[in-house]
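Notes to accompany the following structure.
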Ligand SMILES: Nc1ncnc2c1ncn2[C@@H]1O[C@H](COP(=O)(O)OP(=O)(O)O)[C@@H](O)[C@H]1O
Ligand SMILES: [Mg+2]
């Protein structure tokens, strides 16, 4: 099968990596793979672009080092498997890749990988080390996002009308690049990203998208890459504003920040996924008063929540006055709210009252 | 001594318990005080008073001499005969070849090994100088008759009580006399006797006295005793004694014949006789008051100064003068006066203690020596049948013999993987029966306790097939004689337990022997070994002796620690190398596929680097180990002092 230019380039990068190792060994040296560090210490907030970016700290993964040898080996097992995937024109899940590369080493009792938790970070290592995208390696994560709205799309050549998705919605694939997904006719005015499946179902059943001409999409908690990339494309290519609706707790705030400027772990992909203009529409720490939420639907924050909230106070992207007030209010009150708490005011309160009011009053944080 | 105090304590507590269990009877109603009636007159009592012969005493107190039970008696009998053979050969300057034979009379009659107690014949034969005809009856038929008691010289026998006591035991239990064959040299007649002891008179009775036409030994002695013994439970201790005797006497060849088993031989590890032990005169500082009076009585000197000079070592005319002055005695005082006057003797005794006298000569001792101790250990490990300690607590304890059931041979605990074949042989490591043993030895310079020169040696064998999770096996020796009884009462054990072996990378429960795959040999050589009892089973707790043993143990321990570190290092090396080897295969395969080449040359390139890298890496690892070891060494040591 003939490879496209992108695939050729990716395979070339893998081969170059392997050859550099061979050269090092021939010269009697300790071979290594250089991998940009993916931790908070090597992440910085680009004020101008308003995204989280990877710094230039790199870490050498040596083979002749008892602590690194196994990871070094794993790096090449995964690289080899990816090369084969690309050359055969197949794409597979990272779970699948785990099974492809897992086997027992020699006559030992050791496996190349014991858990998928071991192979997933290796994939990310290769992405950053080779400066490639996961898609380019022909891999995708498990999909968990769903979308519905007044828009027609083409997915791998099939035309799909997202106005006719029934109660289940359309599953957002992990690879939503232009060569796979193209946008067709649409009447959408904005995109609403909600944190959870259950809340999304409420919006779908209430035909909120129809009433409001909105695309509603959820990412099952922290949205996967496909969902984030999709939101970015809708925002950039169709010029739609993005609203984010999450629980009122530190985790919810973090999800919003990831959508907005990227995550620490995938900082290298921020440019492709972040939506710096995304607006936080709720649940605000002050909504409990505005929308008269009874205190018995509140959940007490535990020590972990408080610590996390305090940590977030220091994040450079939460330095705006409004964000400081949000977080401080949460810490002060010592309680958090789930979106479902709004159902206390009526099952469709969230779709009929809460969100329309918020939008009308422009009660969001940009 | 704390341990003794505790024991005494337990004693009284037991008494108290008994008292509680049997409450005193209710006091009887107070009766009219009566004058007690005389029961016997002095004359009547006098009619029952008579001399107790030493033989009679022995009959009632045989445990004092090591004949408490049939298992122990078997060993003691063999031991007394073998000790004598070795002593005699050494004194005569003959390389000993000794045959030890145990015959089961029950087995010879019925074809079945005797279970438990039964009749046995013990025979010990040597190629020593032989015994002159006139002496034989007294040697074998009279207790407290010997050549070694009156001299200060390193030897195995001491009191002249050994072989005749065994003869008496045989006579008491089987009624059979001791049978002796002896010849003093080529062209000399071979005499054969049956000798019994008149226990009342402690005098020999010769039942048979023949001259043999022919004997296969040019010179030598054979003794044969029929005794009641327990081979079933006692044999493993005899085995151990024979093995250990060969270990401590590497110049000796031992043949060992047992019922229904193949002959076992320990060939000598050296053709060199041990350095001759020299006789010395007692040192004044070691003499006790009573002995001083006896010696004075025996002296033929005209005055005290002459007596001191001729009877003691290190007493010059000047020193003798000083002693007499310090004692406040008259110069012209005769030894006879001292022998008869306790006050005068005490003055002299104090005078001696108050005078500075040069330490006794120490060149009179004959240690085994480092090189021979090592060779002894090697040949011992090559011949022994046991795979290591087989007692429950890892120690052979003969005192426990009655309590222990006969058990199969102790299975050795898993041993550490043998080092890879290409590993360089480490200094001190010997390969024996396919196992690697590290052997270290230390011989201390001679020292003095209470005027008696003594010398301590320690040897250890580490690793091999010894179990790693059991207490180390402690082999105690005094004048080359294995001590198999009363381990916990022995000063040697005490010294080893008080040594902090954790400094040397062994684990050690509080107040116990260290734990590890190790045999520890401790030998004390002295002109007079201070035993705790006549049966010569345990060494007394003299602080000077304990200290010397500890110093020797520490010195050996330091060598051991260096070895253990080296081995840890080697383990680490092979461990990390195997990690890399494991992964190299995978990496070569993957990279080979990526670049489209065969994985084999890639693997070889990796292996080449692996060797180089591990070496360099190991150096830093080694430095770390070294550092850690230094830290342990800096830890306050429980008992190690600098010399
Ligand atoms: N096998 C032997 N060869 C030569 N002399 C012997 C032998 N056995 C014993 N003797 C002599 O008999 C003496 C008495 O022996 P023993 O009763 O064991 O007392 P001890 O060994 O304590 O002196 C020894 O001192 C030694 O002179
Ligand atoms: Mg003797």
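A short reminder: the numbers here are calculations on the coordinates, not readings from a lab. This one's a predicted model, so the numbers in the text were calculated from it and none came from an experiment. Here Cβ is always computed from backbone atoms with ideal geometry, including for glycine, and neighbour counts include all displayed protein chains.
When you restrict to C-alpha pairs under 8 Å that are six or more residues apart and normalise by the size of chain A, the relative contact order lands at 13 percent.
Peptide A:95-108 has a mean of 1 when you count, residue by residue, the C-beta atoms of other protein chains within 10 Å of its C-beta.
All Cα-Cα separations within region B:231-292 were binned at 5 Å from zero, giving a P(r) of 4, 13, 16, 14, 10, 8, 9, 11, 9, 4, 2, each value a whole percent of the pairs. Ranked by how many other Cβ atoms sit within 10 Å of their own Cβ, fewest first, the residues B:144, B:65 fall in the order B:144, B:65. Every pair of different Cα atoms in region B:56-266 enters the Kirkwood calculation, which places the hydrodynamic radius at 17.3 Å. Counting, for every residue in A:28-38, the Cβ atoms of other protein chains within 10 Å of its Cβ and taking the mean gives 2.
Each Cα pair under 8 Å and six or more residues apart adds its separation to the average, and for region A:93-147 the resulting relative contact order is 38 percent.
Partner shielding of A:16-25 amounts to 5, given as the average count of beta-carbon atoms from other chains within 10 Å of each residue beta-carbon.
Given R₀ = 35 Å, what would the calculated FRET efficiency be for residue B:209 paired with residue B:43, taking r from the Cβ atoms and rounding to 0.05? Could the numbers behind the result be given before it?
On the way: r = 45 Å, r/R0 = 1.28.
It comes to 0.20.
I'd like the per residue volume of the convex hull spanned by the Cα atoms of region B:284-354, given in cubic angstrom. Kindly include the intermediate steps, with their values, before the conclusion.
On the way: hull volume 4.9 nm³, N = 71.
It comes to 69 Å³ per residue, whole-number rounded.
Taken along the Cα-to-beta-carbon direction at a fixed 7 Å, the label points for residue A:319 and residue A:87 span 5.0 nm.
Classify region B:44-134 as rounded, prolate or oblate, taking a ≥ b ≥ c as the square roots of the eigenvalues of its Cα gyration tensor: rounded when a/c is under 1.5, otherwise prolate if a/b is larger than b/c and oblate if not. Show your work: numbers first, answer last.
Working: a/c = 2.74, a/b = 1.25, b/c = 2.20.
Oblate.
Compared with the dominant Cα axis of chain A, that is its longest principal axis, helix A:5-26 is turned about 50°.
When all alpha-carbon pairs of region A:63-198 are counted, what percent fall beyond 27 Å? List each step's numbers first, then the result.
Values: 3490 of 9180 pairs.
Tail of P(r) above 27 Å: 38 percent of Cα pairs.
Of the two radii for chain A, the radius of gyration is 1.01 times the Kirkwood radius, both from the alpha carbons; that is the Rg over Rh value. Measuring from centroid to centroid over Cα atoms, what is the spacing of region B:548-609 and region A:41-58 in Å? The distance from the Cα centre of region B:548-609 to that of region A:41-58 comes to 41 Å.
If you wrap a convex hull around the alpha carbons of the protein assembly as shown, what volume per residue comes out, as a whole number of Å³? Each step should come with its number before you reach the end.
Details: hull volume 357.0 nm³, N = 1009.
Normalising the Cα hull of the protein assembly as shown by residue number yields 354 Å³.
What percent of all Cα-Cα pairs in region A:164-256 falls in each 5 Å bin, counting up from 0? Result returned by the calculation: 3, 13, 24, 27, 22, 9, 2, 0. The alpha carbon gyration tensor of region A:150-360 gives principal lengths a ≥ b ≥ c with a/c of 1.5 or higher and a/b no greater than b/c, which makes the shape oblate. With contacts taken as Cα pairs under 8 Å at a separation of at least 6 residues, region B:284-354 carries a relative contact order of 40 percent.
The distance from the alpha carbon centre of region B:328-355 to that of region B:213-291 is 43 Å, rounded to a whole number.
Expressed as a whole number of Å, what is the distance separating the alpha-carbon centroids of region B:423-470 and region A:238-273? One Cα centre to the other: 71 Å. With contributions of -39500 (n - 2.57) from each DSSP H run of at least four residues, the per-residue ellipticity at 222 nm computed over chain A stands at -12000 deg cm²/dmol.
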